[in-house]
Amino acid sequence: MQLVLLALLLIGAARAEVAVPPLKHRVTDLTATLDAKQTEWLESRLAEFEAKEGAQLAVLIVPTTQPETIEQFSIRVVEAWKLGHKKVDDGVLLLVAKDDRKLRIEVGYGLEGVLPDATAKRIIAETITPFFKNCEFYAGINAGTTAMMQVINGARLPPPQKITTPPSQPVAEKNCVIVEPLPPPQLSPSQLSSPHLSVSQRGGVFSVIKEELLTAFKNFLLFAVMGLIAILIFPILLLGGIGGGRGVVGGVVGGVVGGGGSFGGGGRAAVRRTFPSHALDAIERAIRETEAKHDGQIRFAAEATLDIKSLRAGKSARERAIEVFSQLRVWDTEHNNGVLIYLLLADRNVEIVADRGIHARLGQETWEAICREMEAAFREGQFEAGMLAGIHAVGEHLVHHFPAHSGKPNEMSDSPVVL
């Protein structure tokens, strides 16, 4: 009877979930894979990055996540650890399940636009896994975290380098963990044409030919769509536009039709037609002048329209504004009082995204009122005046709640961002 009870207890223990360790350090190794010096070095690098850039990276090495999958366990870890800034969710977890031969990068919502799943998979497959295959766990983790930090700082992944195993030390003879290769990410046509992907990744010569055909077909569709837009909107332009929005319609059409076959370039041209250089200079001066009176930070970003991928996904202007807020790191201020004013020109839609330090004192209704006033000016074609009025309105609230102190550094650029 005692043996039966012991067996049941062992079975129950085997099926129990792995406990999430407390977050005491940025590097937590429950397998003794890293020595003290390696752990100390990784810890110092992650701490330095966090202090300088704001985003928080953490590494967790466990023997296994069983009976859960690594995806399930990683979710429990990030929920318990709460990496990154509150409500910004700009943390990243590198999880290694050594005995399971699995690893995963779990990215917080605030960094998904900067470090998407496809990029995380490339870092695992191209940067970390080759080192793990050679039992170089510290080197793999160091290289992987370095790649993530570089991407968060705005760098693109370098071309993949093939790491070969020396003939004298074949992998099969080593007593190490080989991480199972991940399936290749589903690449879009634009990603397929990226110079940062090697021919071997894309399937060899035949895939290169397929890329060229896809690119040609994509360009054909692009010009066809632009021609259709020009045909549909040309009568509107002849009739003088729609109400007070002629500046928007003219800017968008000029940007798309005259943009050299690129939605990105045309979009920027549309914004710059609406906000010429003297208007952008006036916006920058207004931000600089109001920031001299308070300790907050204001940023202005505008783009003509959402890209095709965002439109297909049904992304709203608000969702895009939050994404830009993260990309521009507006949350990275001493008092959490950064404010982004985002304009989606095609819809004449203004969104204000405020960090928790100032948002908690005002609430959404205050920002909505400022947005509506700016949009009313835009409907009359008063884009520069509407934007300046919005900047001053936001600045007044920051002056009231965060008055300037002497010697305050300017934490962010005042220059407008044209996306």
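Peptides 358-365, 121-128 ranked from most to least packed, by the mean per-residue count of other Cβ atoms within 10 Å: 121-128, 358-365. Among 50-59, 293-302, the peptide with the highest mean count of other Cβ atoms within 10 Å heads the list, and the full ranking is 293-302, 50-59.
Under 14 Å of direct C-alpha separation, and excluding same-chain neighbours fewer than eight residues apart, Lys121 reaches these aspartates and glutamates: Glu71, Glu106, Glu112, Glu180.
Ile75: net charge of surrounding residues, Cβ under 15 Å, Lys/Arg +1, Asp/Glu -1, itself excluded? After counting each charged neighbour, the total is -4. At the listed q of 0.19, 0.25, 0.27 Å⁻¹, the Debye profile of the stretch 341-414, built from one uniform point per Cα, gives log10 I(q)/I(0) equal to -0.84, -1.21, -1.31. Computed extension length for Ala51-His335: 100.8 nm, one decimal, from 0.36 nm per residue of separation with the Cα-Cα distance subtracted. One chain, two ends: Asn153 and Glu71. Fully extended at 0.36 nm per residue, the span grows by 26.9 nm beyond their Cα-Cα distance. Overall size of the stretch 64-114 from C-alpha positions, given as principal axis extents largest first: 33, 21, 12 Å. Near Glu53: Cβ cut-off under 13 Å, other residues only, Lys/Arg at +1 and Asp/Glu at -1. The net charge is -2. Modelled spin labels at Thr64 and Arg101, positioned 7 Å past Cα toward Cβ, are 1.5 nm from each other. Of the solvent-accessible surface of the stretch 302-353, computed with a 1.4 Å probe and all protein chains present, 45% belongs to carbon and sulfur.
Label-to-label distance, His405 versus Ala385, with points set 7 angstrom from Cα along the beta-carbon direction: 3.9 nm. For the stretch 266-378, the Kirkwood radius over C-alpha pairs fed into Stokes-Einstein at 25 °C and 0.890 mPa s yields D = 165 µm² per second.
Model label points for Ser413 and Lys86, set 7 angstrom from Cα along the Cα-to-Cβ axis, are 3.1 nm apart. Of His397, His335, the residue with the largest accessible area leads and the full order is His335, His397 (1.4 Å probe).
The values are calculated or read from the model by the stated rules, or taken from the named source; none is laboratory data. Small disclaimer: the values here were computed from a predicted structure and weren't measured. Because the Cβ atoms are built from the backbone with ideal geometry, glycine has one as well, and the counts that use them run over all protein chains shown. Note: accessible area is taken over every heavy atom of the protein model, side chains too, but ligands, DNA and RNA are not part of it. Shrake-Rupley method; radii C 1.70, N 1.55, O 1.52, S 1.80 Å.
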